[in-house]
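Reviewing the structure listed below.
Coordinate-derived values only; no laboratory data. Worth saying up front: this structure is predicted, and the values here are computed from it rather than measured. Here Cβ is always computed from backbone atoms with ideal geometry, including for glycine, and neighbour counts include all displayed protein chains.
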Amino acid sequence: MESACRMTESIDFANLIWQIAELLRGPYRPPQYERVMLPMTVLRRFDCVLAPTKAQVVADYKRLKVRLEGNALDERLNAVAGQRFHNHAGLDFRRLKGDPDNIARHLVGYIQGFSANVQNIFEYFEFENEIEKMREANILYLVISKFADVNLHPDNVSNAQMGLIFENLIRRFNELANETAGDHFTPREVIQLMVNILFIDDDDLLATPGTARTLLDPACGTGGMLAEAQNYLREHHAQARLFVYGQDYNKRAFATAASDMLIKQVDHNGDGENILFGDSFTDDRFDDRTFDYFLTNPPFGVDWKKQQKEIRREHEEEGFFGRFGAGLPRVSDGSLLFLQQMWAKREQVKASEHKRGSRLVIVLSGSPLFAGGAGSGESEIRRWLIENDWLEAIVGLPEQMFYNTGIGTYVWIVTNRKERQRKGKIQLVDARETWTLGGSAESKRSLGDKRRHLSEAQIDEIVRLYGRFEDDAHSRVFDNEDFGYTRVTVERPLRLLYRMTVNGKERFLDACPELLDDLQVIDEALGREPLNDWNAVRNDIAELLGRRESRWTRKERNFFREVFTEIDPGSAPVVKDGDGYEPDPALRDFENVPLKLDIDKFFEREVRPHVIDAWIDRDKDRIGYEIAFNRHFYEFTRQRPLAEIDADLKDAKEEIVRLLRDLVQ
């Protein structure tokens with residue numbers, strides 16, 4: 001109930017801020033509102049937080065600036081403000097309203113009065129450009145005045161509510177722009193489910209006084225996952241300390257996340273250095289760190305063409321010592337790169353050093369479950385996870401759960417510290433039919449593509465399914481090997497029919513005119529009738545050329561066969577040099593044999609009865625892994641009896657005839 005009230009109040013505040021955004025109409029198109037509204041919301045939040053100590057900070061600044069500067073001055077004034085940031089300008093939102101004619105200059109000066117960490121955030125907002133644009137449009141004073149009436153002090157709007165306000169605003173902005181809102185945040189209830197699963201086995205650890213843990217989200221967007229993880233620990237393990245870290249390449253999303261983390265009353269959030277800007281693939285800002293937990297929702301179906309050169313270099317040159325050593329997925333979807341990027345930063349399990357290993361929870365589309373055959377990048381990544389016994393479970397979520405896409409999604413749980421009963425096992429949890437209609441608990445309307453949500457009771461139900469680790473209608477437990485297979489190559493012999501023809505002679509001599517005499521001898525000796533045993537023909541030709549002491553190159557021999565033979569199912573198989581037959585590429589086939597089955601027995605049972613002359617080329621074996629989630633939960637629906645269907649069709653036909661008769665009458 002408390003959570004629902006908090007959500008309702010957050011929507012009310014978001015609606016209030018949205019009304020202010022309407023003042024921008026004209027100079028700005030609706031999709032451009034976020035350029036102003038996100039930084040203004042952050043600025044007003046900072047203004048409210050700093051209000052109680054503002055006068056003392058300004059006074060101390062005037063006294064200290066003559067002998068301190070830079071970080072030393074910032075640290076002293078931050079302490080006075082009681083925050084990890086401060087503002088020493090003699091202005092606030094109320095005072096900004098007092099001089100309408102110079103409000104743009106004063107607003108810039110106000111922003112420049114913040115400590116360096118906040119100024120850095122506003123550089124990514126690129127807000128000074130928008131200040132000038134609003135000044136020219138004569139709307140800056142109106143916007144400032146309206147925001148001055150919105151009380152965003154933490155006593156009035158909690159940190160959790162503030163996160164919901166940002167979520168609501170960003171969703172609206174991206175819907176207007178027809179962009180991917182999912183690039184910036186994940187639905188709150190999905191994050192809650194992921195966080196519950198992330199920490200489910202660590203109650204004892206997190207309840208230990210003085211426990212400090214670290215968490216990374218390399219695609220953190222506006223920081224919703226980081227915030228929810230901290231909320232969980234605050235509610236369930238207040239004595240534990242969770243240091244959260246994030247990175248994002250979207251400037252406004254990054255600035256919003258950095259602002260949110262900076263303002264929270266948590267002494268281990270850092271001074272802004274825990275949220276960093278940059279592309280996680282090509283500019284890894286945490287390349288020298290390891291983490292206890294990983295939590296992320298990477299963009300679905302986003303290609304990595306721009307980063308391809310750097311990623312391939314790391315894959316090829318550094319192998320398993322780099323981040324992407326397991327394999328490279330197709331360029332059109334880089335989500336599995338995020339998984340590798342995180343798992344390369346895992347903590348090792350070392351009891352002697354009190355290292356407990358790591359847990360990772362990531363939400364992915366359905367494609368990474370099965371895309372790519374044996375030997376492909378996707379399959380090799382799955383193989384890497386499963387053969388190392390790191391993949392613990394996958395939870396299938398309902399469709400229409402995300403704001404920007406209606407596709408089904410899956411939560412992967414990866415860990416290098418499986419509990420004893422989970423070792424060598426993978427659990428699949430089917431929660432695809434566990435949902436409540438409506439975009440959220442407070443709104444039965446759709447929110448973009450989001451038409452369904454999870455209630456708190458449903459989240460608990462899914463977590464219990466996962467925690468029980470049992471086989472039932474919605475949970476299946478498998479051995480790791482159940483998802484692996486050997487891709488075997490089934491060959492059949494090449495069968496060639498020899499025939500000397502006039503057109504063939506012309507073609508051959510155009511390329512090899514020096515072999516005219518040899519060709520005439522072969523033509524005269526073998527004749528023009530088709531011969532269905534190339535092995536005998538080849539031996540006869542070799543004997544003829546030997547008597548003439550004529551030696552052909554391999555290229556010439558191959559060209560002769562190409563010109564004067566054709567594939568013929570009725571001819572004799574072509575014997576290889578050595579043992580066996582030459583395979584016919586056109587008849588080549590492949591079979592995926594589950595790892596638990598004997599390949600030779602499978603072949604004799606499933607293949608040999610249908611193609612008696614086939615064989616397996618074991619040198620071409622490839623191991624592959626795929627997770628056919630749907631197949632494991634498929635329920636056969638018995639078809640209706642044919643007589644029943646015929647009766648229904650007859651009734652429908654009679655009804656149509658009756659309606660037509662009534663129409664004519």
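Other residues lying with their Cβ under 15 Å from the Cβ of Ile599 contribute a combined charge of -3, Lys and Arg counting +1, Asp and Glu -1. Counting other C-beta atoms within 10 Å, and keeping those with at most 16, which DSSP coil GluC sites (Glu not before Pro) do you find in segment 22-130? Taking segment 22-130 and a limit of 16 other Cβ atoms within 10 Å, the loop GluC sites (Glu not before Pro) found are Glu69, Glu126.
Between Asp600 and Gln32, full extension at 0.36 nm per residue minus the direct alpha carbon distance yields a gain of 198.1 nm. Each of Lys251, Lys350 has some number of other Cβ atoms within 10 Å of its Cβ, and from fewest to most they run Lys350, Lys251.
Which GluC sites (Glu not before Pro) does segment 449-510 hold that lie in a coil by DSSP with at most 13 other beta carbons within 10 Å? Walk me through the numbers on the way to the answer.
Working: sites: Glu456, Glu461, Glu470, Glu481, Glu491, Glu506; in loops: Glu470.
Taking segment 449-510 and a limit of 13 other Cβ atoms within 10 Å, the loop GluC sites (Glu not before Pro) found are Glu470.
Residues whose amide H lies under 5 Å from that of Leu496, counting only those 5 or more places away or on a different chain, are Trp534, Asp568, Ala572, Val574; hydrogens are built 1.01 Å from N in the peptide plane. Fraction of C-alpha pairs exceeding 20 angstrom in segment 496-567: 19 percent, rounded to a whole number.
Each label was represented as a point 7 Å from its Cα along the Cα-to-Cβ direction; for Glu562 and Ala116 these points are 6.9 nm apart.
In Å, the Kirkwood hydrodynamic radius of segment 464-505 over pairs of distinct alpha carbons? Can you show the working numbers first?
On the way: mean 1/r = 0.0607 Å⁻¹.
Roughly 16.5 Å, rounded to one decimal.
Excluding same-chain neighbours fewer than eight residues apart, the lysines reachable from Lys576 by a Cα-Cα span under 18 Å are Lys555, Lys620.
Think of segment 67-140 as having a plus end and a minus end, set by charges on the Cβ of Lys, Arg, Asp and Glu; of Leu91, Gln119, Ala137, Leu91 sits farthest toward the positive end of this dipole.
Could the peptides 542-548, 406-412, 35-41 be put in order, highest first, of the mean number of other beta-carbon atoms found within 10 Å of their residues? Show your work: numbers first, answer last.
Details: 542-548: 12.0, 406-412: 18.9, 35-41: 23.0.
Most protected by this proxy first, the peptides run 35-41, 406-412, 542-548.
Cross-link partners for Lys97 among the aspartates and glutamates, with Cα-Cα distance under 12 Å and sequence neighbours closer than 8 places in the same chain left out: Asp149. Which FRET efficiency value, to the nearest 0.05, is calculated for Arg658 and Glu399 with the Förster distance at 60 angstrom and r the Cβ-Cβ distance? Plugging the Cβ-Cβ distance into 1/(1 + (r/R0)^6) gives 0.90. In the frame of its principal axes, segment 1-153 has Cα extents of 47, 46, 28 Å, reported largest first.
Near Ala21, once Lys and Arg are set to +1 and Asp and Glu to -1 for all other residues with Cβ below 12 Å from its Cβ, the sum equals +3.
Quick check on the exposure proxy: order Trp615, Trp390, Trp534 from fewest to most C-beta atoms within 10 angstrom.
Details: Trp615 17, Trp390 20, Trp534 23.
Sorted ascending by nearby Cβ count, the order is Trp615, Trp390, Trp534.
So how do 203-211, 581-589 stack up, highest first, on mean other-Cβ count within 10 Å? Before the final figure, lay out the partial values.
Values: 203-211: 11.4, 581-589: 14.6.
Going from most to least packed, we get 581-589, 203-211.
Full-extension gain between Gln56 and Arg547, please, as 0.36 nm times their residue separation minus the C-alpha to C-alpha distance. Write out the running numbers ahead of the final one.
On the way: separation 491, 0.36 × 491 = 176.76 nm, distance 11.08 nm.
Result for the pair: 165.7 nm of gain on full extension.
Express in whole angstrom the spacing between the alpha-carbon centres of segment 193-268 and segment 12-53. A separation of 25 Å, based on Cα centres.
Once you have a ≥ b ≥ c as the square roots of the Cα gyration tensor eigenvalues for segment 180-483, tell me rounded if a/c is under 1.5, and otherwise prolate or oblate according to whether a/b is larger than b/c. Walk me through the numbers on the way to the answer.
On the way: a/c = 1.10, a/b = 1.03, b/c = 1.06.
It comes out rounded by the Cα gyration axes.
With the simple model of a label 7 Å out from the Cα in the direction of the Cβ, Asn151 to Glu442 spans 1.8 nm.
Ranked by Cβ crowding within 10 angstrom, fewest neighbours first, how are Arg445, Arg417 ordered? Before the final figure, lay out the partial values.
On the way: Arg445 10, Arg417 18.
In increasing order of surrounding Cβ atoms, one gets Arg445, Arg417.
Evaluate the charge dipole of segment 1-153 about its Cα centre and quote only its size in Debye, nearest 20, assuming +1 on the Cβ of each Lys and Arg and -1 on the Cβ of each Asp and Glu.
On the way: 20 positive and 20 negative charges, 80 e Å.
In total the dipole reaches around 380 debye.
Among beta bridges from DSSP that stay inside the chain, the antiparallel ones total about 65%.
The loop-placed trypsin sites (Lys or Arg not before Pro) in segment 65-157, going by DSSP, that have at most 12 neighbouring Cβ atoms within 10 Å of their Cβ come out as Lys65, Arg67. A Förster radius of 45 Å, combined with the Cβ-Cβ distance separating Asp510 from Glu316, puts the computed FRET efficiency at roughly 0.55.
Pairs of alpha-carbon atoms within less than 8 angstrom and 6+ residues apart define the contacts here; what relative contact order does the chain have, in percent? That works out to 10 percent.
Counting only other residues whose beta carbon sits under 12 Å from that of Trp435, what net charge do I get with K and R as +1, D and E as -1?
Charge balance in the 12 Å sphere: 0.
Do any of Lys251/Lys418; Lys62/Lys146; Lys306/Lys345; Lys54/Lys133; Lys345/Lys596 go past 27 Å between their Cα atoms, and which? Where the Cα-Cα span goes over 27 Å, the pairs concerned are Lys251/Lys418; Lys62/Lys146; Lys54/Lys133; Lys345/Lys596. Estimated at 0.36 nm per residue, the fully extended path between Val349 and Asp540 surpasses their Cα-Cα distance by 61.9 nm.
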